[in-house]
Amino acid sequence: MSETTPLGIIAGAGAFPLALARAAEAQGRPVFAILLKGIAGKELEAYPHAWVGIGQFGAICAQARRAGCRDLVLIGSLVRPNLWTTLPDIGALKTLPEVLRLYRGGDDHLLSGIARLFEREGFRLVGAHEVAPGLVMPEGRLAGPEPDADDRDDIAMARAAIAALGPYDVGQGIVIGRRRIVAVEGAEGTDGMLERCAAMVASGRIRWGKGVGILVKAPKPQQDRRIDMPAIGPATVDKAAAAGLRGIAVVAGSTLVVEMDEVVRRADRHGVFVLGVGAEAGP
(Lines give C-alpha, C1' and ligand atoms only; values in the text may rest on other atoms or scores of the structure.)
Protein backbone atom coordinates (compact mmCIF):
# COMPACT_ATOMS: atom_id res chain seq x y z
CA MET A 1 0.00 0.00 0.00
CA SER A 2 1.25 3.50 -0.86
CA GLU A 3 1.62 4.74 2.73
CA THR A 4 2.79 8.27 1.83
CA THR A 5 0.04 9.12 -0.65
CA PRO A 6 -3.39 10.24 0.58
CA LEU A 7 -5.91 7.51 1.21
CA GLY A 8 -9.03 8.25 -0.82
CA ILE A 9 -12.13 7.41 1.21
CA ILE A 10 -15.29 7.19 -0.91
CA ALA A 11 -17.77 7.70 1.90
CA GLY A 12 -21.30 6.41 2.18
CA ALA A 13 -23.51 6.78 5.26
CA GLY A 14 -22.86 5.74 8.84
CA ALA A 15 -19.99 5.89 11.30
CA PHE A 16 -17.47 3.72 9.45
CA PRO A 17 -16.04 6.36 7.07
CA LEU A 18 -15.11 8.64 9.97
CA ALA A 19 -13.70 5.73 12.00
CA LEU A 20 -11.54 4.74 9.04
CA ALA A 21 -10.33 8.31 8.50
CA ARG A 22 -9.33 8.60 12.16
CA ALA A 23 -7.51 5.25 12.04
CA ALA A 24 -5.57 6.26 8.93
CA GLU A 25 -4.75 9.65 10.46
CA ALA A 26 -3.47 7.95 13.63
CA GLN A 27 -1.06 5.96 11.47
CA GLY A 28 0.21 9.17 9.87
CA ARG A 29 -1.58 8.50 6.58
CA PRO A 30 -3.09 11.60 4.94
CA VAL A 31 -6.77 11.32 4.04
CA PHE A 32 -8.85 12.72 1.22
CA ALA A 33 -12.60 12.21 1.60
CA ILE A 34 -14.85 11.86 -1.44
CA LEU A 35 -18.27 12.47 0.05
CA LEU A 36 -21.31 11.16 -1.79
CA LYS A 37 -23.95 13.89 -1.94
CA GLY A 38 -27.08 13.20 0.06
CA ILE A 39 -25.51 10.10 1.62
CA ALA A 40 -22.26 10.84 3.49
CA GLY A 41 -22.17 12.71 6.79
CA LYS A 42 -20.71 16.20 7.14
CA GLU A 43 -18.28 15.15 9.89
CA LEU A 44 -15.72 14.19 7.22
CA GLU A 45 -15.60 17.82 6.09
CA ALA A 46 -12.92 18.16 8.81
CA TYR A 47 -10.56 16.48 6.30
CA PRO A 48 -9.57 17.62 2.81
CA HIS A 49 -12.63 16.62 0.83
CA ALA A 50 -14.91 17.00 -2.16
CA TRP A 51 -18.65 16.43 -2.48
CA VAL A 52 -19.54 14.32 -5.52
CA GLY A 53 -22.81 12.90 -6.84
CA ILE A 54 -23.13 9.13 -6.73
CA GLY A 55 -23.41 8.94 -10.53
CA GLN A 56 -20.37 11.12 -11.19
CA PHE A 57 -17.77 8.43 -11.77
CA GLY A 58 -15.58 10.76 -13.80
CA ALA A 59 -15.64 13.42 -11.07
CA ILE A 60 -14.76 10.87 -8.39
CA CYS A 61 -11.72 9.74 -10.37
CA ALA A 62 -10.71 13.33 -11.17
CA GLN A 63 -10.94 14.44 -7.54
CA ALA A 64 -8.94 11.42 -6.38
CA ARG A 65 -6.21 12.09 -8.95
CA ARG A 66 -6.10 15.78 -8.10
CA ALA A 67 -5.56 14.90 -4.44
CA GLY A 68 -2.77 12.47 -5.35
CA CYS A 69 -4.64 9.32 -4.27
CA ARG A 70 -3.62 5.91 -5.53
CA ASP A 71 -5.42 3.80 -2.94
CA LEU A 72 -9.21 4.04 -2.60
CA VAL A 73 -11.54 2.59 0.01
CA LEU A 74 -15.28 2.27 -0.55
CA ILE A 75 -16.91 2.34 2.89
CA GLY A 76 -20.21 3.20 4.50
CA SER A 77 -23.78 2.07 3.92
CA LEU A 78 -25.24 2.76 0.52
CA VAL A 79 -28.68 2.00 -0.85
CA ARG A 80 -28.42 0.55 -4.35
CA PRO A 81 -29.01 3.64 -6.51
CA ASN A 82 -31.79 3.89 -9.08
CA LEU A 83 -29.88 4.00 -12.34
CA TRP A 84 -32.62 5.96 -14.09
CA THR A 85 -32.83 8.78 -11.53
CA THR A 86 -29.05 9.14 -11.02
CA LEU A 87 -27.45 12.02 -12.90
CA PRO A 88 -24.27 10.64 -14.50
CA ASP A 89 -21.34 12.74 -15.69
CA ILE A 90 -19.36 12.18 -18.88
CA GLY A 91 -17.07 9.70 -17.14
CA ALA A 92 -20.06 7.65 -16.05
CA LEU A 93 -21.68 7.82 -19.48
CA LYS A 94 -18.56 6.29 -21.01
CA THR A 95 -19.03 3.25 -18.81
CA LEU A 96 -22.84 3.16 -19.02
CA PRO A 97 -23.11 0.00 -21.17
CA GLU A 98 -20.89 -1.86 -18.70
CA VAL A 99 -22.79 -0.48 -15.71
CA LEU A 100 -26.08 -1.60 -17.27
CA ARG A 101 -24.69 -5.13 -17.45
CA LEU A 102 -23.54 -4.92 -13.83
CA TYR A 103 -27.06 -3.98 -12.73
CA ARG A 104 -28.29 -7.32 -14.06
CA GLY A 105 -27.24 -9.09 -10.90
CA GLY A 106 -26.98 -8.81 -7.14
CA ASP A 107 -24.98 -6.39 -5.03
CA ASP A 108 -21.81 -8.51 -5.08
CA HIS A 109 -21.86 -8.55 -8.87
CA LEU A 110 -22.43 -4.79 -9.00
CA LEU A 111 -19.79 -3.85 -6.42
CA SER A 112 -17.11 -6.12 -7.87
CA GLY A 113 -17.76 -4.61 -11.28
CA ILE A 114 -17.46 -1.07 -9.93
CA ALA A 115 -14.17 -2.03 -8.27
CA ARG A 116 -12.88 -3.19 -11.66
CA LEU A 117 -13.85 0.17 -13.19
CA PHE A 118 -11.77 2.05 -10.61
CA GLU A 119 -8.84 -0.31 -11.09
CA ARG A 120 -9.03 0.23 -14.84
CA GLU A 121 -8.60 3.94 -14.13
CA GLY A 122 -5.31 3.17 -12.36
CA PHE A 123 -6.49 3.13 -8.73
CA ARG A 124 -6.07 0.33 -6.24
CA LEU A 125 -9.13 -0.69 -4.22
CA VAL A 126 -8.14 -1.70 -0.70
CA GLY A 127 -10.23 -3.00 2.15
CA ALA A 128 -10.93 -1.08 5.33
CA HIS A 129 -9.53 -4.06 7.25
CA GLU A 130 -6.19 -3.61 5.47
CA VAL A 131 -6.00 0.08 6.40
CA ALA A 132 -7.41 -0.18 9.92
CA PRO A 133 -7.04 -3.67 11.43
CA GLY A 134 -8.20 -2.23 14.75
CA LEU A 135 -11.73 -2.06 13.31
CA VAL A 136 -11.81 -5.82 12.73
CA MET A 137 -13.67 -8.20 15.05
CA PRO A 138 -11.31 -10.35 17.16
CA GLU A 139 -11.92 -14.03 17.82
CA GLY A 140 -13.69 -15.01 21.01
CA ARG A 141 -16.40 -13.50 23.22
CA LEU A 142 -16.24 -9.73 23.17
CA ALA A 143 -19.12 -9.00 25.55
CA GLY A 144 -22.16 -10.44 27.28
CA PRO A 145 -22.85 -13.93 28.63
CA GLU A 146 -21.01 -17.05 27.49
CA PRO A 147 -22.76 -18.79 24.54
CA ASP A 148 -23.93 -22.31 25.37
CA ALA A 149 -23.90 -25.50 23.28
CA ASP A 150 -27.33 -24.74 21.78
CA ASP A 151 -26.13 -21.28 20.75
CA ARG A 152 -23.12 -22.78 19.00
CA ASP A 153 -25.33 -25.27 17.17
CA ASP A 154 -27.49 -22.39 15.96
CA ILE A 155 -24.42 -20.43 14.85
CA ALA A 156 -23.12 -23.41 12.86
CA MET A 157 -26.51 -23.92 11.18
CA ALA A 158 -26.83 -20.24 10.29
CA ARG A 159 -23.32 -20.16 8.82
CA ALA A 160 -24.12 -23.21 6.68
CA ALA A 161 -27.25 -21.43 5.44
CA ILE A 162 -25.27 -18.28 4.59
CA ALA A 163 -22.76 -20.37 2.65
CA ALA A 164 -25.58 -22.13 0.77
CA LEU A 165 -27.33 -18.84 -0.09
CA GLY A 166 -24.09 -17.09 -1.05
CA PRO A 167 -24.12 -18.07 -4.75
CA TYR A 168 -27.50 -16.30 -5.04
CA ASP A 169 -25.97 -13.07 -3.66
CA VAL A 170 -28.30 -12.98 -0.66
CA GLY A 171 -28.20 -13.75 3.03
CA GLN A 172 -25.18 -12.10 4.66
CA GLY A 173 -27.15 -12.06 7.93
CA ILE A 174 -29.55 -14.56 9.50
CA VAL A 175 -31.60 -14.58 12.69
CA ILE A 176 -31.95 -18.05 14.18
CA GLY A 177 -33.24 -19.59 17.41
CA ARG A 178 -33.09 -23.24 18.45
CA ARG A 179 -32.37 -24.34 14.87
CA ARG A 180 -35.24 -22.32 13.44
CA ILE A 181 -34.27 -19.64 10.93
CA VAL A 182 -36.77 -16.81 11.30
CA ALA A 183 -35.23 -14.10 9.09
CA VAL A 184 -32.74 -13.82 6.23
CA GLU A 185 -31.20 -10.47 5.39
CA GLY A 186 -32.33 -9.05 2.08
CA ALA A 187 -32.16 -5.64 0.45
CA GLU A 188 -33.30 -3.97 3.71
CA GLY A 189 -29.93 -4.68 5.37
CA THR A 190 -29.20 -5.91 8.88
CA ASP A 191 -30.99 -3.05 10.65
CA GLY A 192 -34.12 -3.57 8.59
CA MET A 193 -34.06 -7.31 9.24
CA LEU A 194 -33.74 -6.77 13.00
CA GLU A 195 -36.57 -4.24 12.93
CA ARG A 196 -38.67 -6.83 11.10
CA CYS A 197 -37.85 -9.37 13.82
CA ALA A 198 -38.79 -6.89 16.56
CA ALA A 199 -42.15 -6.33 14.83
CA MET A 200 -42.73 -10.10 14.67
CA VAL A 201 -41.91 -10.41 18.38
CA ALA A 202 -44.31 -7.55 19.20
CA SER A 203 -47.09 -9.13 17.15
CA GLY A 204 -46.55 -12.58 18.65
CA ARG A 205 -45.41 -14.03 15.36
CA ILE A 206 -42.13 -14.96 17.07
CA ARG A 207 -42.29 -16.22 20.65
CA TRP A 208 -38.73 -16.54 21.83
CA GLY A 209 -38.08 -18.74 24.81
CA LYS A 210 -35.80 -17.38 27.48
CA GLY A 211 -32.26 -16.96 26.16
CA VAL A 212 -33.08 -17.79 22.54
CA GLY A 213 -32.31 -15.99 19.29
CA ILE A 214 -29.02 -15.05 17.62
CA LEU A 215 -28.02 -12.70 14.84
CA VAL A 216 -25.33 -14.40 12.74
CA LYS A 217 -23.37 -12.46 10.14
CA ALA A 218 -20.75 -13.89 7.80
CA PRO A 219 -19.29 -12.97 4.42
CA LYS A 220 -20.74 -14.83 1.47
CA PRO A 221 -18.26 -17.24 -0.14
CA GLN A 222 -17.73 -15.09 -3.26
CA GLN A 223 -17.87 -11.71 -1.49
CA ASP A 224 -15.14 -9.18 -2.32
CA ARG A 225 -14.10 -8.17 1.20
CA ARG A 226 -12.26 -5.09 -0.03
CA ILE A 227 -15.56 -3.39 -0.77
CA ASP A 228 -18.25 -5.20 1.20
CA MET A 229 -17.43 -6.71 4.58
CA PRO A 230 -20.08 -7.58 7.17
CA ALA A 231 -20.24 -4.90 9.86
CA ILE A 232 -21.81 -4.26 13.26
CA GLY A 233 -21.94 -1.32 15.63
CA PRO A 234 -23.75 -0.04 18.72
CA ALA A 235 -27.03 0.28 16.82
CA THR A 236 -26.81 -3.40 15.86
CA VAL A 237 -26.65 -4.33 19.54
CA ASP A 238 -29.61 -2.10 20.41
CA LYS A 239 -31.73 -3.51 17.59
CA ALA A 240 -30.79 -7.09 18.47
CA ALA A 241 -31.85 -6.44 22.07
CA ALA A 242 -35.11 -4.83 20.89
CA ALA A 243 -35.83 -8.00 18.91
CA GLY A 244 -35.32 -10.08 22.05
CA LEU A 245 -32.15 -11.75 20.81
CA ARG A 246 -29.66 -13.43 23.11
CA GLY A 247 -26.56 -12.77 21.07
CA ILE A 248 -24.67 -11.68 17.96
CA ALA A 249 -22.10 -13.91 16.27
CA VAL A 250 -19.85 -12.72 13.44
CA VAL A 251 -16.76 -14.08 11.70
CA ALA A 252 -13.56 -12.86 13.34
CA GLY A 253 -11.13 -11.19 10.96
CA SER A 254 -13.86 -10.72 8.34
CA THR A 255 -16.25 -8.34 10.13
CA LEU A 256 -15.86 -4.64 10.86
CA VAL A 257 -16.89 -3.28 14.26
CA VAL A 258 -17.36 0.46 14.69
CA GLU A 259 -17.08 1.98 18.20
CA MET A 260 -15.99 -1.35 19.68
CA ASP A 261 -15.88 -0.02 23.25
CA GLU A 262 -19.46 1.21 22.95
CA VAL A 263 -20.53 -2.13 21.45
CA VAL A 264 -19.13 -3.84 24.56
CA ARG A 265 -20.86 -1.41 26.93
CA ARG A 266 -24.25 -1.76 25.29
CA ALA A 267 -23.99 -5.54 24.93
CA ASP A 268 -23.14 -5.91 28.61
CA ARG A 269 -25.99 -3.57 29.53
CA HIS A 270 -28.52 -5.50 27.43
CA GLY A 271 -27.14 -8.92 28.40
CA VAL A 272 -26.48 -9.74 24.73
CA PHE A 273 -23.36 -11.70 23.85
CA VAL A 274 -21.10 -10.57 21.01
CA LEU A 275 -18.93 -13.38 19.68
CA GLY A 276 -16.21 -13.57 17.04
CA VAL A 277 -16.10 -17.06 15.57
CA GLY A 278 -13.32 -18.64 13.53
CA ALA A 279 -13.20 -18.52 9.74
CA GLU A 280 -13.81 -22.26 9.43
CA ALA A 281 -17.35 -23.55 8.80
CA GLY A 282 -18.08 -24.30 12.46
CA PRO A 283 -18.31 -21.76 15.33
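Values for this structure:
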| quantity | calculated |
| --- | --- |
| In segment 1-12, residue nearest to Cys61 (Cα to Cα) [restricted to those that are surrounded by fewer than 24 Cβ atoms within 10 Å (Cβ to Cβ) and at pLDDT 90 or above] | Pro6 |
| From Ala235, Ala199, Ala163, residue being modelled with pLDDT of 90 or more and over 20 Å from the mean Cα position of the chain (by Cα) | Ala199 |
| Selection from segment 150-172 of residues that are crowded, with 22+ Cβ neighbours inside 10 Å and not charged (D, E, K, R) | Ile155, Ala158, Ile162, Gln172 |
| Filter pass, Ile114 being within 25 Å of Val258 (Cα to Cα) and modelled with pLDDT under 90 | yes |
| Residues of segment 16-26 satisfying the condition of being without any contact (Cβ under 8 Å) to a residue 12 or more places away in the chain and either of a type outside the set (D, E, K, R) or buried (at least 22 other Cβ atoms within 10 Å of the Cβ) (or both) | Ala26 |
| Qualifying residue in segment 173-195 (condition: without any contact (Cβ under 8 Å) to a residue 12 or more places away in the chain, surrounded by fewer than 20 Cβ atoms within 10 Å (Cβ to Cβ), small (Gly, Ala, Ser) and not in a loop (DSSP other than H, G, I, E, B)) | yes |
| Meets criteria (over 18 Å from the mean Cα position of the chain (by Cα) and modelled with pLDDT of 90 or more) for Ala62 | yes |
| Within segment 133-149, considering residues that are aliphatic (A, V, I, L, M) and in a strand (DSSP E or B), the one surrounded by the most Cβ atoms within 10 Å (Cβ to Cβ) | Ala143 |
| Any strands (runs of 3 or more DSSP E) falling wholly within segment 197-283 and containing at least 1 residues that are in contact with a Ser or Thr (Cβ under 9 Å, 6 or more places away or on another chain) and either under 25 Å from Ile114 (Cβ atoms) or aromatic (Phe, Trp, Tyr) (or both) | 214-217 |
| Enumeration of residues in segment 153-172 that are of a type in the set (D, E, K, R) and assigned to a helix (DSSP H, G or I) | Asp153, Asp154, Arg159 |
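The values are calculated or read from the model by the stated rules, or taken from the named source; none is laboratory data. Keep in mind it's a predicted model, so treat the numbers as computed, not measured. With ideal geometry, Cβ positions are generated from the backbone for all residues, glycine too; neighbour counts draw on all protein chains shown.
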